[in-house]
Every structure is written in structure tokens, then in C-alpha cells.
Amino acid sequence: MNAQQVLEDLKRRFPNEPEYHQAVEEVLFTIEDEYNLHPEFDKANLIERLCIPDRVFQFRITWADDKGNVKTNMGYRVQHNNAIGPYKGGLRFHASVNLSILKFLAFEQTFKNALTTLPMGGGKGGSDFSPRGKSSMEVMRFTQAFMLELWRHIGPDMDIPAGDIGVGGREVGFMFGMYKKLTREFTGTLTGKGQEFGGSLIRPEATGYGNIYFLMEMLKTKGTDLKGKVCLVSGSGNVAQYTTEKVIELGGKVVTMSDSDGYIYDPDGIDSEKLAYIMELKNLYRGRIREYAEHYGCKYVAGARPWSEKGDIALPSATQNEIDGDEAKELVANGVMAVSEGANMPSTPEAIKVFQDAKILYAPGKAANAGGVSVSGLEMTQNSIRLSWSKEEVDEKLKSIMKNIHEACVKYGTEPDGYINYVKGANVAGFMKVAHAMMAQGVV
Ligand code: NDP
């Protein structure tokens with residue numbers, strides 16, 4: 001394989017999909033050497049079959065708002081690869097959603113899921129519907145209309161969606177209700193469900209907790225931990241909230257959080273009580289992070305991201321491409337020693353280069369945020385055996401999965417000078433598993 005050639009071909013065949021190209025480019029150049037050690041891969045044209053999704057569904061969603069206005073949105077499901085298990089990946093509801101973003105997420109998900117050691121393929125879906133400012137009834141009508149189309153493409157052994165940006169417990173609950181009505185079956189087809197109807201304990205916490213478990217493994221390689229470390233967190237949704245909770249528990253101090261309007265800087269640190277305020281503000285009242293600054297009298301910066309503040313560790317937990325090259329330089333200049341990604345692809349390629357050139361600890365989302373889908377996988381298992389595990393059992397399993405992912409990254413990503421290239425490690429480890437499964441299953 002010539003990575004550059006493959007990338008050029010994909011850009012020609014699928015133009016105007018920059019996020020998809022960005023995700024593929026990162027993987028291609030890090031696996032190229034390993035791939036070329038296996039001429040049988042090239043003979044089976046494994047690389048194109050791995051980069052191009054198995055199939056993509058696109059549909060119009062029609063629903064009515066509270067005033068009776070009829071609205072349309074676009075809905076998508078990208079089924080990327082099911083070589084090691086049924087398609088699995090979240091649904092994103094956000095105004096920015098388009099096919100390029102979902103193809104990048106489904107592609108990344110395939111490698112991430114392979115890293116978890118659980119039998120799950122990769123997929124992703126969503127809609128350009130924005131839950132922001134909508135009433136609960138509007139969100140329900142929209143999610144039901146969405147499910148009226150999606151249900152025929154998913155199933156407990158076929159494709160199991162979950163949440164992502166804009167899709168939390170409330171939205172999963174509404175979708176599960178409609179799915180159940182349409183199929184007349186009670187199955188574990190969606191994960192992230194409420195605990196009363198098959199949801200797993202620790203699923204809401206899993207992505208944020210998992211990211212911190214991964215970070216702790218990275219810090220251990222430097223003989224340190226979180227105690228006294230100042231952390232910059234972006235976002236204030238699911239991932240950001242539980243990331244902050246775990247940092248507080250392990251003795252670190254979170255000084256920033258953000259939303260799409262701006263960020264807050266609280267030099268005293270966000271303690272458990274302040275975090276409870278944020279959770280209520282965001283999850284119950286769907287308010288803005290600005291209100292935290294008004295409530296606690298701290299700094300709020302509108303229209304900006306928190307990366308110019310001083311901290312030891314950066315934990316981007318909002319969205320893709322939220323740290324650019326200049327911001328990465330600022331972080332490094334300010335003494336950041338570790339970046340661990342709760343969000344998917346939050347660092348641009350330029351930012352990743354800055355982190356790696358500076359030889360700081362840098363964990364890509366597909367390794368560091370794999371805890372969410374891992375516990376989704378554990379939810380599928382519990383649904384299949386019709387049992388539920390305790391909080392402690394699930395948390396232990398999550399810890400051990402994150403430790404295993406870290407070990408896989410070290411195995412495939414350690415460079416001759418001892419620096420651990422977590423991007424390479426995660427990509428090669430995930431790729432090899434999927435590649436071997438695809439080879440064994442013939443040309444399909
Ligand atoms: P939520 O919807 O709960 O929260 C998203 C947060 O990010 C909100 O604070 C939101 O602000 C902010 N945000 C969203 N889009 C943008 C944007 N374009 N610019 C600036 N800020 C933005 O989502 P999650 O916490 O679930 O997801 C966050 C990230 O983590 C995503 O990249 C997701 O793919 C990734 N992830 C999530 C997993 C999960 O289990 N939930 C699993 C693995 C990865 P606002 O309130 O203004 O919208």
C-alpha cells in the first residue's frame with residue numbers, strides 16, 4: 001500500500017468530506033509500515049475495504065414543533081465494518097452533523113471497538129437536529145420520527161446504537177420506546193438505556209471515568225499521578241462531567257469547563273458541590289455554562305476555548321477539532337505534561353504534531369475514550385444473559401479494559417527512544433485485529 005495514493009483516491013471518490021479524510025489520513029500513515037509487512041493484505045485490497053463503509057443509510061425526518069410547524073431534518077446511519085462483531089456506535093444530534101462527520105466517527109469507532117477486546121464492529125449515526133432550545137415533547141416527537149426510519153436497519157445482533165453529543169438518557173429512552181413499539185420485541189438494541197429497562201450501571205460515567213483510568217496509566221509511566229495536578233477540561237456535557245468527577249476523586253483540580261458559547265475559569269477549582277450545580281444546570285435546566293460564572297463569581301470568556309489557561313493536563317471533552325496547532329503550542333508553552341482525549345478527534349493534525357514533537361503524553365480519543373463503548377458492550381452482555389452486574393463489578397471491568405488498551409498502545413507504539421506514540425499504538429493494535437478477522441472471512 002502507498003498511503004498517499006490510497007488517500008488521494010478516497011478524496012477523489014468522496015470529495016467534500018474533510019473530517020473523514022482527516023481521520024483516514026491519520027490511520028493510514030501510522031499503519032503503513034505494519035501493513036506492508038503483510039503482502040496478503042494488499043492482495044485482498046484490505047485497505048479500501050477497511051476505509052470505505054460497508055453501507056450508509058440516509059433519510060429525511062419529518063416532525064412537528066409545539067406550534068404545529070412541520071420541520072424536516074436529515075438522518076443517517078453509517079455501518080462501517082462488522083468483521084469482529086455487530087455494528088456498534090453512537091447517535092449524534094447536533095446542527096453540525098453531516099455525512100463527513102459521521103463517516104469519520106464510524107471509521108474511528110471500528111478501531112476503538114477493536115481495542116476494547118469486546119466483539120463489536122463499528123458504526124455511527126445521527127441527525128442535524130439540534131435539541132438546544134427544544135421542549136421535551138419536541139425532542140420526543142423528533143426521536144420517534146427518527147426511529148420510524150432507523151428501526152429497520154438495526155437489531156441486537158445487527159447494529160446497536162447508543163448516545164453521543166445531544167443524545168443522552170432521555171433521547172435513548174424515547175428511541176427505545178419507539179423501537180420496542182415497532183418491533184414488538186424487548187431487546188438490548190440500544191445501549192445507554194435507563195437502569196429500570198436494561199441499562200448498565202456506570203454507563204453514564206464510563207467515558208469520563210475511562211479517560212481518567214487511561215490517563216492514570218499514562219502518568220504511571222512517568223512515575224506520577226493526579227494528586228495536585230491542575231486540569232483543563234472542555235465541554236460540560238456527559239463526558240466532561242464524569243471526567244471532572246473522577247479527577248476530583250483522585251486529587252486533581254479542574255479549573256475550566258466550557259460549552260459552545262464560551263468557557264469558565266475557576267482558579268479555586270470545581271469541587272463536588274460546584275460540579276453538582278453544573279450537572280443540574282446542564283442536565284435538568286439545559287442552561288449555559290456562563291451561568292456558573294455568574295453564580296460563583298469567576299471568569300467567563302465568551303466565544304473562546306480554555307486552552308490559553310495554565311494547567312498540567314488537558315482533557316478535551318467537547319467535540320472534534322477543538323484544539324488547533326496554535327492552541328497546542330500555547331498548552332505546551334504553559335507546561336502541559338499530558339493530553340488525554342475524552343472527545344473524538346478533538347486535536348487537529350497540527351496539534352497532534354506539536355504534542356508529539358514536545359514528547360508529552362498524548363492519548364488519542366480512540367484509546368482514551370473507549371470506556372464508553374466498552375461499558376455499552378458490557379450492557380449488551382448483561383442484556384443477553386438477562387442479568388445486571390453491580391456498580392463495582394462494572395467499574396472493575398472498565399478499569400481492566402482501559403489498562404489493557406494502554407498495554408496494547410505501549411506494545412505497538414513504543415519508539416526506539418522509549419517515547420510511547422499512543423496514536424500509532426492504538427491504530428496498529430486496532431487495525432491488526434480487524435485485518436485478521438477480515439482476512440479469515442474471505443472477500444465479502
Ligand atoms: P454532550 O452532548 O453531553 O456534551 C457535549 C458538550 O460539548 C457540550 O458542553 C456542548 O456544548 C459542547 N459542544 C458540542 N459541540 C460543540 C461545538 N461544535 N463547539 C463547542 N462545543 C461543543 O456530548 P458528550 O459529552 O456525550 O460527547 C462529547 C464528546 O465525547 C464528543 O466528541 C463525543 O463524540 C465523545 N464521546 C462521547 C461518548 C459518550 O459515551 N457519550 C463516548 C466516546 C466519545 P453545548 O451545551 O453548547 O452544546
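The values are calculated or read from the model by the stated rules, or taken from the named source; none is laboratory data. Here the structure is a predicted model, which is why all the values come from computation and not from measurement. Neighbour counts run over all protein chains shown; Cβ positions are idealised from the backbone, glycine included.
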Query raised in the report: Which residues, counting only those in region 295-326, are among the acidic types (Asp, Glu) and more than 21 Å from ARG132 (Cα to Cα)?
Result: GLU309, ASP312, ASP324, ASP326
Requested in this report: Return a yes/no flag: does region 374-394 have any residue that is more than 16 Å from the ligand (Cβ to nearest atom) and touching a Gly at 6+ places or on another chain (Cβ under 6 Å).
Outcome: yes
Report summary line: Expected single match for more than 16 Å from the ligand (Cβ to nearest atom) and without any contact (Cβ under 8 Å) to a residue 12 or more places away in the chain among ASN82, ASN45 is ASN45
Query raised in the report: For region 61-99, what are the residues that are within 17 Å of GLU149 (Cβ to Cβ) and among the hydrophobic types (A, V, I, L, M, F, W, C)?
Result: ILE61, TRP63, ALA64, VAL70, MET74, VAL78, LEU91, PHE93, VAL97, LEU99
Query raised in the report: Does region 393-419 hold any residues that are surrounded by 21 or more Cβ atoms within 10 Å (Cβ to Cβ) and touching a strand residue (DSSP E or B) at 6+ places or on another chain (Cβ under 7 Å), and which are they?
Result: CYS409
**Report entry** Evaluation of ALA293 against (1) in contact (Cβ under 8 Å) with a residue 40 or more places away in the chain; (2) buried (at least 16 other Cβ atoms within 10 Å of the Cβ) (one fails), failing number
**Finding:** (1)
Query raised in the report: Regarding ILE264, is this residue free of Cβ contacts under 8 Å to residues at least 40 places away in the same chain, crowded, with 18+ Cβ neighbours inside 10 Å, part of a loop (DSSP other than H, G, I, E, B) and assigned by TED's automatic domain parsing to the domain that holds GLY342?
Result: no
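Listed here are the residues, each with its yes/no results for (1) out of contact with any strand residue (DSSP E or B) (no Cβ under 9 Å at 6 or more places or on another chain); (2) away from the ligand (no atom under 14 Å from the Cβ); (3) assigned by TED's automatic domain parsing to the domain that holds GLY122.
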| position | (1), (2), (3) |
| --- | --- |
| ASP159 | no, yes, yes |
| GLY169 | yes, no, yes |
| PHE197 | yes, yes, no |
| PHE214 | no, no, no |
Report summary line: Subset of region 133-157, residues among the aliphatic types (A, V, I, L, M) and either under 18 Å from the mean Cα position of the chain (by Cα) or within 16 Å of the ligand (Cβ to nearest atom) (or both), comes to VAL139
Query raised in the report: Looking only at residues in region 121-132 that are farther than 14 Å from MET74 by Cβ and more than 13 Å from the ligand (Cβ to nearest atom), which one is surrounded by the most Cβ atoms within 10 Å (Cβ to Cβ)?
Result: GLY123
Requested in this report: Would you check if ILE313 is in contact (Cβ under 8 Å) with a residue 24 or more places away in the chain and more than 11 Å from the ligand (Cβ to nearest atom)?
Outcome: yes
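When the residues of region 356-373 are filtered to those that are part of a helix (DSSP H, G or I) and buried (at least 23 other Cβ atoms within 10 Å of the Cβ), which remaining residue is nearest to the ligand (Cβ to nearest atom)?
The extreme case among them is GLY372.
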Requested in this report: Would you be able to tell me the number of residues in region 76-121 that are closer than 23 Å to VAL410 by Cβ and not aliphatic (A, V, I, L, M)?
Outcome: 8
Report task. Hey, could you check region 255-269 for residues that are closer than 24 Å to LEU219 by Cα and within 14 Å of the ligand (Cβ to nearest atom) and say which is nearest to the chain's Cα centre (by Cα)? Result -> MET257
Report summary line: Here, helices (runs of 4 or more DSSP H) confined to region 81-190 with at least 3 residues that are closer than 18 Å to SER384 by Cβ are 169-183
Query raised in the report: Restricting attention to region 218-228, does a residue exist that is surrounded by 23 or more Cβ atoms within 10 Å (Cβ to Cβ) and under 18 Å from the mean Cα position of the chain (by Cα)?
Result: no
**Report entry** Residue list for region 330-355, filter: more than 10 Å from the ligand (Cβ to nearest atom) and either among the aliphatic types (A, V, I, L, M) or assigned by TED's automatic domain parsing to the domain that holds PHE111 (or both)
**Finding:** LEU331, VAL332, ALA333, VAL336, MET337, ALA338, VAL339, ALA351, ILE352, VAL354
**Report entry** Filtered residue count, region 284-308, keeping only those that are at pLDDT below 95 and within 12 Å of the ligand (Cβ to nearest atom)
**Finding:** 2
**Report entry** Which numbered condition GLU327 misses (of (1) within 16 Å of the ligand (Cβ to nearest atom); (2) in contact with a strand residue (DSSP E or B) (Cβ under 6 Å, 6 or more places away or on another chain))
**Finding:** (2)
